[in-house]
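Read the structure below first, then the notes.
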Protein chains: 2
Amino acid sequence: MTDAELRVLDSLDKRRRTFVAGRDLVHQGQSNQAAYILMSGWACSYKLLADGQRQIVDFQIPGDFLGLRSVVLHISDHSIEPVTDIEVTEVHVSDLMEAFAQTPRLATAVFWAVSRDEAMVVEHLVGIGRRDAAERMAHFLLELCARLSLVGLGSKAGFACPLTQYLIADAVGLSSVHVNRVLRHLREQGFLTFRNGFVTIHDYDGLVRFADFEISYLDQIGPLLR
Amino acid sequence: MTDAELRVLDSLDKRRRTFVAGRDLVHQGQSNQAAYILMSGWACSYKLLADGQRQIVDFQIPGDFLGLRSVVLHISDHSIEPVTDIEVTEVHVSDLMEAFAQTPRLATAVFWAVSRDEAMVVEHLVGIGRRDAAERMAHFLLELCARLSLVGLGSKAGFACPLTQYLIADAVGLSSVHVNRVLRHLREQGFLTFRNGFVTIHDYDGLVRFADFEISYLDQIGPLLR
DNA sequence: GCGGCGGACTGATCTAGATCAGGACAAAGG
DNA sequence: CCTTTGTCCTGATCTAGATCAGTCCGCCGC
């Protein structure tokens, strides 16, 4: 980044806030003025249906934006719930727009973040639409692994994962009963073990092949930034 | 829009191109330099899995961007196939970036388009994950209806729809056999009729209730543009 | 005028995963 | 200490939707 860009970044009001696990920070239908950058902890964005079911769209890990789309669309089409206690820094729309105007390249960076977000949602869509339970589960965990590795919170050997089987069920579109069975299946196949909040991967390459996992949508650096 | 913005828009190289139905214009894995705006006809963006199955992520109708995300991420994570013969105008990355630098508000507009795109994909995800076949079908057709109405190609009474039941099956994650049965079901319930390339809606409000269709994610105008 | 083909449509059968109905265990709270 | 709560885990049964195996019809090319 150039000095000018860094100066603009520094000028942003960086108010830190914390939220406790389980208490939503953004509600579906709410129109909000601020987005956040997640500094520590995990969160999830989800949608509720009229009949009370919920679909978790994605989990957010440190470094991810929270509620960026809500700000652009002026209304939130989803809710965001901290999975663990979290720490965030607030980003005001006005500041963001200001920064865009001053340094277009910064706009491009955020643009890229939104696009990567969309690419992940698309990948989830494909998973739920076309992969069976085991492949979907494997793909889901591999994606988390890759994302966590990028921010230094995991490796191909495994990662700490605060998700309950209920949360995973809501994310991959299965019942929690079936999530449990699928995890057992993957363990019995020697692929991975998920126990006590830790995912241990025994056979990374086998898992990648099994899940047809294509990492490219995650690790690209926006070419427009080079 | 201001005069300055319009001048920038006019300065873009607006090369018209046409593509015939069925021949992909963007291939998964291809890195491309141009995005398009669809002027006439329908297209679809889809992903292929290793085992040959495909998931259609979304259909594009006149006015929609094609391949915008591919440009930002530098590589296309999906393919795009014209459903009918289509007409597009090409938009070069360099031009787009140039335009962004000159008029940040234009960047914001494109930003909004990407966000709306993502909101639609999220809605599809929820549909496939949590709605049963009939609700999903109803929701899918209502979304198309709403989008087509926005560009004057349909109304609450119905719209012309060039999609085959096979294409719909690939989009909503059902078998074509089941798509057929679900359409019959919706017809027998008096909700709508899909025949000879026309969707005729008999009971719009009933359908909206049945599908739990929430239109807000589509018709918002980006507040940042006001 | 007739084969070939793509799309709509249908009945019979099969299966992945849901749902139901619990038990085991650990942590939290009185 | 016992009770409650949350999470993991399991077997038995049920069902939405897939799959298989076609028919029918209109259109195109020869």
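Worth pointing out:
- Using C-alpha pairs below 8 Å separated by at least 6 residues, the relative contact order for chain B is 20 percent.
- In the stretch B:1-144, taking the dipole from charged Cβ atoms about the Cα centre, the farthest positive-side position among B:Gly41, B:Pro62, B:Ile80 is held by B:Ile80.
- Rounded percent of accessible protein surface that carbon and sulfur make up, the stretch A:131-219, 1.4 Å probe: 50 percent
- Anchor A:Lys156: lysines whose Cα lies under 30 Å away (excluding residues fewer than 8 positions away in-chain): B:Lys47
- Tensor-based shape of the stretch A:3-107 (alpha-carbon gyration tensor, a/c under 1.5 rounded, otherwise prolate or oblate): prolate
- Sorted on the mean count of surrounding Cβ atoms within 10 Å across their residues, most packed first, peptides B:134-145, A:151-162 read B:134-145, A:151-162.
- Accessible surface of the stretch A:39-99 [probe 1.4 Å, protein heavy atoms]: carbon and sulfur percent: 52 percent
- For the chain pair A and B, the buried solvent-accessible surface (1.4 Å probe, both sides summed) amounts to about 4800 Å².
- Note on A:208-216: average number of Cβ atoms from other chains within 10 Å of each residue's Cβ is 2.
- For A:His74, distant residues with modelled amide H under 5 Å away: none
- Cα centroids of the stretch B:94-154 and the stretch A:181-196: 38 Å apart.
- Interface residues in the stretch B:45-68 - accessible area drops by 40 Å² or more relative to the isolated chain, probe 1.4 Å: B:Lys47, B:Leu49, B:Gln53, B:Gln55
- Per-residue 3J(HN,Hα) values for the stretch B:48-64, derived from phi via the Karplus relation 6.51 cos²θ - 1.76 cosθ + 1.60 with θ = phi - 60°, read 9, 9, 4, 7, x, 5, 10, 10, 7, 7, 6, 9, 10, 10, x, x, 7 Hz in sequence order (x marks Gly and Pro).
- Whether the stretch B:131-219 is rounded, prolate or oblate, judged on the alpha carbon gyration tensor where a/c under 1.5 counts as rounded: rounded
- Relative contact order computed over the stretch B:131-219 (Cα-Cα under 8 Å; 6+ residues apart), in percent: 35 percent
- Across the identical copies, the label point of A:Asn32 (7 Å from Cα in the Cβ direction) is separated from its matches by 3.6 nm, in order from shortest.
- Relative to the Cα centre, the charge distribution of the stretch A:3-107, modelled as +1 at Lys and Arg Cβ and -1 at Asp and Glu Cβ, gives a dipole magnitude of about 100 debye.
- In this structure chain A gives 42 Å² per residue of accessible area when probed at 1.4 Å with all protein chains present.
- A label point on B:Arg209, set 7 Å along the Cα-to-Cβ line, lies at 5.5 nm from each of its counterparts in the other copies, closest listed first.
- 3J(HN,Hα) along the stretch B:78-91: 8, 10, 10, 10, x, 7, 10, 4, 10, 10, 9, 10, 7, 10 Hz, from the Karplus curve 6.51 cos²θ - 1.76 cosθ + 1.60 with θ = phi - 60°, whole Hz, x for Gly and Pro.
- Amide H within-cut-off set for B:Trp42, under 5 Å, with H built and near neighbours excluded: B:Val83, B:Thr84
- Summarising the strand pairing of chain B, around 100 percent of its internal DSSP beta bridges are antiparallel.
- Amide H contacts of B:Leu66 (H built 1.01 Å from N, in plane; Pro and chain starts excluded): B:Tyr36, B:Ile37, B:Leu38 sit under 5 Å, all sequence-distant by 5 or more or on other chains.
- Counting, for every residue in B:100-111, the Cβ atoms of other protein chains within 10 Å of its Cβ and taking the mean gives 4.
- If you sort the three axes of the alpha carbon gyration tensor as a ≥ b ≥ c, you get a/c of 1.5 or more for chain B and a/b above b/c, which makes it prolate.
- Label point of A:Val177 (7 Å along Cα→beta-carbon): distances to the other copies' equivalent points are 2.5 nm, sorted ascending.
- Only helices enter this figure: runs of n ≥ 4 DSSP H residues, each worth -39500 (n - 2.57), summed and divided by the residues of the protein assembly as shown, yield -14000 deg cm²/dmol at 222 nm to the nearest 500.
- Extent along principal axes [Cα atoms of the protein assembly as shown; Å; largest to smallest]: 56, 53, 38
- Peptide B:125-138 shows a mean partner chain C-beta count of 5 within 10 Å per residue C-beta.
The values are calculated or read from the model by the stated rules, or taken from the named source; none is laboratory data. Computed from a prediction, not measured in an experiment: that's the story for all the values here. For neighbour counting, all protein chains shown are included, and Cβ atoms are generated from backbone atoms with ideal geometry for every residue, glycine included. In case anyone asks, the SASA skips ligands and DNA or RNA and just uses the protein heavy atoms, side chains included. Shrake-Rupley method; radii C 1.70, N 1.55, O 1.52, S 1.80 Å.
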